[in-house]
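Everything below concerns the one structure shown next.
The values are calculated or read from the model by the stated rules, or taken from the named source; none is laboratory data. Remember, predicted model here, so these are calculated numbers, not experimental data. Neighbour counts run over all protein chains shown; Cβ positions are idealised from the backbone, glycine included. Protein only, heavy atoms only, side chains kept; ligands, DNA and RNA dropped before computing areas. Shrake-Rupley method; radii C 1.70, N 1.55, O 1.52, S 1.80 Å.
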Amino acid sequence: WFLNRVMNHITAPKSSRRTASFPVCMQRWGVISPLMVVVVALLSGCAASAAGIQAAAPPAVDVAGSPTVTGVIQPLAAYEPISPLPTPTATPEAAEEQVNVVINTQGLRANLRNGPGTNFAIVAKANPGDVFPLVGQNEGGTWFQLALPSSGNDEEVETAWISADLVRTAGEGEIPVVEASTEVLLMSGLNAQWTVDWTCNSERCQIRECSAEVNATVNREPANNFLPVEHTVTWADECFSTDAWTFEVNEYTGEERTGEAEENFLYSYWLGTEPGQANGVFPLDATTGVAVYCSGPHSVEIEEGGGWTTIYEGNTCHDVGTGLLVYMNYTKRWLYTGDYDGKTYNRAYFGDSEKLEQKLATVENVPLELLKKSK
């Protein structure tokens, strides 16, 4: 399973022109992928020796800098929350025989979740010393349900759960056992769509640019708390073949099951709740944006054989609430290490590259951290 097995239409950098077996090698599937890198076995004859390289190698050129998110991601200061969570107070008014919980994490913020367990989504954070009215506990007494601060309306009081190990109780009174909420982070009606723009910077490209749509949908019920999220990639004008794959994503935490993103930024569609602190905004339209955590530059390398290495360098931005991929870019380059015509090359770059940019376009049934543009 992988995102886009795009046909490698580049006949290779000038320094890699080989023997008669070379055209066969170029018919392999490449490893271009807005999601991940899959090492595809080279066909017979691809590991030709340096002695089989026929044309003279051109001078290597300097590798350009990694792509950035400049011009796409906007500053947080230009936006404001649509419906901010009220800030907890350290001295709430307590009813008679009201038991409170005091956050007791010794300098660390505590996670408030929508259920009694770490498999439930994080809905808010609490600071050490914050006090909340205690609503109840789970059957084992290992998790407490607390009331979040009132927003000043007449709606039902919102609640959250916290591990009993992270708090101390204050006050006297009976703590009732309450049933856990069945609320989940990601639902079966989930749907998301990204746009992809791909370009190839090489005079040997048969296709110089192409665009695509990546769709993620859930058409089956979850199994063991994991949603089967089906992804489909469709390229415009049939530039490349349509492809599809499925990720299993935890419906409570939003994390992809295999954890591949920890090793490879190209796998990073589903990182789970709170992937990092918000450091920018991805605009969805003229007035609304998504609070994102952007990181990078990241780098991934793949040994292709015959002295060639492909290197991917890029950045990712994820929604800070669910960890859903919102934006990604990368540049792919070919580097050569080996001897040819009396010269020794060490990760030489000859100017051929590919670029990809992927942006979230639409989303349904995913609770993104939305912001509105300040006036």
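Do we have any residue at all in segment 203-215 that's open to solvent by less than 30 Å² (accessible area, probe 1.4 Å) and under 18 Å from the mean Cα position of the chain (by Cα)?
Checking segment 203-215: at least one residue is open to solvent by less than 30 Å² (accessible area, probe 1.4 Å) and under 18 Å from the mean Cα position of the chain (by Cα).
Name the strands (runs of 3 or more DSSP E) wholly inside segment 121-212 in which the number of residues that are within 30 Å of E230 (Cβ to Cβ) and modelled with pLDDT of 85 or more is 1 or more. Give the derivation first.
On the way: elements: 122-126, 131-137, 143-147, 159-163, 167-170, 191-201.
In segment 121-212, the matching strands (runs of 3 or more DSSP E) lie at 191-201.
Which of the residues belonging to segment 281-299 are in a strand (DSSP E or B), open to solvent by 20 Å² or more (accessible area, probe 1.4 Å) and not small (G, A, S)?
Selection gives P283, T288, Y293, C294, P297, H298.
So for segment 322-336 (the condition being under 27 Å from A286 (Cα atoms), part of a strand (DSSP E or B) and without any contact (Cβ under 8 Å) to a residue 60 or more places away in the chain), does at least one residue qualify? Write out each step before concluding.
Initially, segment 322-336 is screened for residues under 27 Å from A286 (Cα atoms), giving 322-330.
Remaining after also requiring part of a strand (DSSP E or B): 324-330.
From the residues that got through so far, the ones that are without any contact (Cβ under 8 Å) to a residue 60 or more places away in the chain too are 326.
Yes, segment 322-336 contains a residue that is under 27 Å from A286 (Cα atoms), part of a strand (DSSP E or B) and without any contact (Cβ under 8 Å) to a residue 60 or more places away in the chain.
Answer yes or no: is there a residue in segment 233-242 that is in contact with a Leu (Cβ under 7 Å, 6 or more places away or on another chain), within 23 Å of E313 (Cα to Cα) and assigned to a strand (DSSP E or B).
Within segment 233-242, the first condition is being in contact with a Leu (Cβ under 7 Å, 6 or more places away or on another chain), and the residues that meet it are 233.
Adding the requirement that they be within 23 Å of E313 (Cα to Cα) leaves 233.
Checking the rest, the ones that are also assigned to a strand (DSSP E or B) come to 233.
Yes - at least one qualifying residue is present in segment 233-242.
Count, please, the residues in segment 243-263 that happen to be over 13 Å from the mean Cα position of the chain (by Cα) and assigned to a strand (DSSP E or B).
Counting residues in segment 243-263 that are over 13 Å from the mean Cα position of the chain (by Cα) and assigned to a strand (DSSP E or B) gives 6.
Among the residues of segment 262-308, which ones are modelled with pLDDT under 90 and under 23 Å from Y79 (Cα atoms)?
T273, E274
Scan segment 234-249 residue by residue and report those that are open to solvent by less than 20 Å² (accessible area, probe 1.4 Å) and closer than 21 Å to N365 by Cβ.
Residues satisfying the conditions are W245, F247, V249.
Sort through E274, E256 and tell me the only one that's in contact with a Phe, Trp or Tyr (Cβ under 7 Å, 6 or more places away or on another chain), of a type outside the set (A, V, I, L, M, F, W, C) and farther than 19 Å from V69 by Cβ.
E256
Could you please find all residues in segment 339-360 being free of Cβ contacts under 8 Å to residues at least 60 places away in the same chain and part of a strand (DSSP E or B)?
Answer for segment 339-360, where residues must be free of Cβ contacts under 8 Å to residues at least 60 places away in the same chain and part of a strand (DSSP E or B): T344, N346, R347.
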